[in-house]
Amino acid sequence: MENTTYEKVNAILSENNYNPHGLIPILQAVQEEYRYLPENVMAYVASSLGIPASKVFGVASFYSHFTLQPKGKYIIKICDGTACHVKKSTEIINALEKHLGLTAGRRTTEDLLFTIETVACLGTCGLAPAIVINDEVHGLLTPEKAVELVKQIQAKEANSSGDKE
């Protein structure tokens, strides 16, 4: 891993005064930076804080907030709770998986743009079936409407990446 990566981690560690009691906020900041917790970065955090790597890995694997696998820029949480399931959320899951080329075993697109997660309940039963893309709720969906939302994001991303060239 290149030095710039560790420079970012060093900045996070410095902001937290290299305090091992601040492990959770440190890991949260690292995950915010990289969208997941890379194994080599967790080992670096452990050695920098003077704590066993097993403690860092233990905390990272215990809390469901942390992820050890790369996630996409856009996290799509698809509700499959009772109200959404009855209103055919499974069809939305299938349509999004097909559109994005994902399977039950692969939840993140290769370009790291999208990750699909199925959740037990979003608390938006009146809008069933519903999904959340990052922090934005979309309800009363059909499979076609859900795919259209993703297509809009893909078009926006394609336009913004073209602006950089």
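The values are calculated or read from the model by the stated rules, or taken from the named source; none is laboratory data. Treat the numbers as computed from the prediction; the structure is a model and nothing was measured. Here the Cβ positions follow ideal geometry from the backbone for every residue, glycine too, while neighbour counts run over all protein chains shown.
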task: Taking H65 as the residue in question, decide whether it is loosely packed, with under 13 Cβ neighbours inside 10 Å, at negative phi and at pLDDT below 95.
output: yes
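Among the candidates S54, S89, which residue alone is touching a residue at least 12 places away in the same chain (Cβ under 8 Å) and either among the small types (G, A, S) or touching a strand residue (DSSP E or B) at 6+ places or on another chain (Cβ under 6 Å) (or both)?
Details: S54 fails: touching a residue at least 12 places away in the same chain (Cβ under 8 Å).
Criteria check complete, one pass: S89.
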task: Would you please name the residue that is surrounded by the fewest Cβ atoms within 10 Å (Cβ to Cβ), looking only at residues in the range 135-153 that are modelled with pLDDT of 95 or more and within 17 Å of the chain's Cα centre (by Cα)?
output: E136
statement: Taking the range 107-165 and keeping residues in contact with a Pro (Cβ under 7 Å, 6 or more places away or on another chain), closer than 13 Å to L96 by Cβ and touching a residue at least 40 places away in the same chain (Cβ under 8 Å) leaves L141
- prompt: Hey, does the range 78-95 have a residue that's over 30 Å from N16 (Cα atoms), outside the structural domain of L23 (by TED's automatic domain parsing) and among the acidic types (D, E)?
  reply: yes
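If we scan the range 89-104, do we find a residue that is more than 21 Å from the chain's Cα centre (by Cα) and closer than 25 Å to I153 by Cα?
The answer is yes, given that some residue of the range 89-104 is more than 21 Å from the chain's Cα centre (by Cα) and closer than 25 Å to I153 by Cα.
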message: Just the residues that are assigned to a loop (DSSP other than H, G, I, E, B) and surrounded by 18 or more Cβ atoms within 10 Å (Cβ to Cβ), please, taken from the range 110-134.
response: L122, T124, A128, P129, A130
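Of K71, K77, which residue is among the basic types (K, R), in a loop (DSSP other than H, G, I, E, B) and closer than 20 Å to E136 by Cβ? So that I can check it myself, show each step before the final result.
On the way: K77 fails: in a loop (DSSP other than H, G, I, E, B).
From the options K71, K77, the qualifying one is K71.
Tally time: how many residues in the range 119-134 are more than 19 Å from E148 (Cα to Cα) and in contact with a strand residue (DSSP E or B) (Cβ under 7 Å, 6 or more places away or on another chain)?
At the first step, the residues of the range 119-134 found to be more than 19 Å from E148 (Cα to Cα) are 119-126.
Within this subset, residues satisfying the condition of being in contact with a strand residue (DSSP E or B) (Cβ under 7 Å, 6 or more places away or on another chain) are 119, 121-122, 124.
Selection size over the range 119-134: 4.
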